[in-house]
Every structure is written in C-alpha cells, then in structure tokens.
Amino acid sequence: MKQAPRGRHDGRGLRVALLRARFNPAVVDGLVEGALVCLEEMGAARAGIDVLDVPGSFELPLAAQAAARSGRYDAVVALGAVIKGETDHYEHVARAATMGLSSVALETGVPVGFGVLTVAAEEQALKRAAPGAENKGAEAARAAVAMVHLLERLKKKKKGRRG
C-alpha cells in the first residue's frame with residue numbers, strides 16, 4: 001500500500017498555487033478543502049495560497065507551468081478528478097494530466113503536488129476527497145511542501161561542496 005508523506009512539514013512563508021479543476025466539483029472541492037487545511041496546519045498563511053480555477057484536469061499542466069514559471073510560487077498543487085466513463089476519454093485525460101504535471105516539475109524545478117484522482121467510479125473519488133487523513137488533496141499539498149524543503153537541502157549541499 002502506498003504511504004503518503006507524513007510528519008510535520010513546515011509551510012511557513014511558502015507561496016503556493018493551488019490549482020482547482022472545475023470538472024467534477026463535488027470531488028475536487030473536497031480535495032481543495034483538504035489541501036487548504038493541510039497547508040494551514042503546516043503553518044502556511046492563507047494569504048500565501050492562491051486558489052486558481054482551471055476548466056478541467058486536461059488543462060492543469062498548462063496552468064501549472066504558467067504558475068511555476070511566474071516566479072511567484074514555491075510550489076504548485078494540482079487538484080482534479082478524472083472518473084472513468086464509457087469511452088477512452090478517461091485514459092487520454094488521465095495520461096495527459098499525469099505526464100504534463102510531471103514534465104512541469106522537471107522542466108521548471110518547482111515542486112508540483114499531484115492531486116489528480118484517476119478512478120473507476122465517483123464513489124471512489126468521493127472517498128478520496130472526504131475530510132480526514134486519507135484526503136488526496138492533503139497528500140498532494142504535503143508532498144509539495146516536502147519537496148520544497150528537500151530541494152532547498154540539496155541546493156545547500158551542492159554549494160557547500162569543494163571542487
């Protein structure tokens with residue numbers, strides 16, 4: 001079973017772009033609430049968190065890229081829900097969102113928390129967006145903050161190296 005990042009990560013002083021896909025709002029709004037609660041529990045100021053609406057999960061990578069390149073954010077948290085239907089549309093959107101968000105993080109060096117649910121049924125999505133420890137929006141926020149600190153530590157180690 002996958003283990004989410006745990007522990008008390010420090011979100012104080014961080015600026016976070018929280019991207020909310022507006023498709024499947026009953027699910028995504030729960031992910032947003034989970035991410036906001038988690039960020040605030042880690043000490044992030046609500047004033048340092050921008051919640052930005054995106055039409056759907058397919059559009060998340062472009063919005064994440066723009067946020068990361070803007071220089072205004074320490075991290076991006078992308079939240080959406082892709083629920084399997086009767087056609088192949090699900091696979092295409094899920095793949096594009098996953099690969100696109102991964103590419104944004106690698107190309108920009110800005111951590112991108114991946115909070116895009118890819119599920120077979122709405123009930124599964126609602127369970128993962130419910131308040132509590134299993135909320136995937138909270139997990140994505142926690143992972144993004146953890147990566148901010150890891151990247152800072154890695155940069156400091158590089159500077160301290162003798163060559």
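None of the figures in this text is laboratory data; all of them are computed from the coordinates on show. For clarity, every value in this text was computed on a predicted model and none was experimentally measured. Glycine also receives a Cβ, built like all others from the backbone with ideal geometry; neighbour counts cover every protein chain displayed.
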### Query
Given Cα pairs under 8 Å that are at least 6 residues apart, what percent is the relative contact order of the stretch 16-160?
32
### Query
Is the stretch 60-106 best put as rounded, prolate or oblate by its Cα gyration tensor, with a ≥ b ≥ c the root eigenvalues, rounded for a/c under 1.5, and otherwise prolate when a/b is larger than b/c, oblate when not?
prolate
### Query
In the stretch 16-160, with Lys and Arg counted as +1 and Asp and Glu as -1 at Cβ, which of these residues, Pro25, Met147, Ala130, has the Cα nearest the positive end of the dipole, that is, farthest along it?
Met147
### Message
Between helix 60-69 and the chain, what is the angle of the helix's C-alpha long axis to the longest principal axis, kept within 0 to 90° and rounded to the nearest 10?
### Response
20
### Query
Looking at the square roots a ≥ b ≥ c of the eigenvalues of the Cα gyration tensor of the stretch 71-139, which shape do they give, rounded for a/c under 1.5, prolate if a/b is larger than b/c, or oblate?
oblate
### Query
Counting Lys and Arg as +1 and Asp and Glu as -1, each charge on the Cβ, what is the dipole of the chain about the Cα centre in debye, to the nearest 20?
1320
### Message
Placing unit charges on C-beta atoms (Lys and Arg positive, Asp and Glu negative, everything else neutral), compute the dipole magnitude of the stretch 72-142 about its Cα centre in debye, rounded to 20.
### Response
200
### Message
Less than 19 Å apart at the alpha-carbon level, and either on another chain or at least 8 residues along: which aspartates and glutamates does that give for Lys155?
### Response
Asp10, Asp74, Glu107
### Summary
The extension gain from Arg46 to Glu123, computed as 0.36 nm times the residue separation minus the Cα-Cα distance, is 24.7 nm
### Rounded to 10°, Cα long-axis angle of helix 25-41 versus longest principal axis of the chain
20
### Query
Farthest toward the dipole's positive end in the chain, which of Ile49, Gly34, Ala75, given Cβ charges of +1 (Lys, Arg) and -1 (Asp, Glu) about the Cα centre?
Ala75
### Query
In the stretch 16-142, what percentage of the DSSP-assigned beta bridges are antiparallel, given to the nearest 5?
0
### Query
When the distances between all Cα atoms of the stretch 23-156 are binned every 5 Å from zero, what whole-number percent does each bin get?
2, 11, 21, 24, 21, 13, 6, 2, 1, 0
### Task
Name the shape class, rounded, prolate or oblate, that the alpha-carbon gyration tensor gives for the stretch 19-84, where a ≥ b ≥ c are the square roots of its eigenvalues, rounded holds for a/c under 1.5, and otherwise prolate holds if a/b is larger than b/c and oblate otherwise.
oblate
### Summary
When the chain is treated as a Gaussian network with springs between alpha carbons less than 10 Å apart, the largest mean-square fluctuation among Gly80, Gly115, Gly100 is found at Gly100
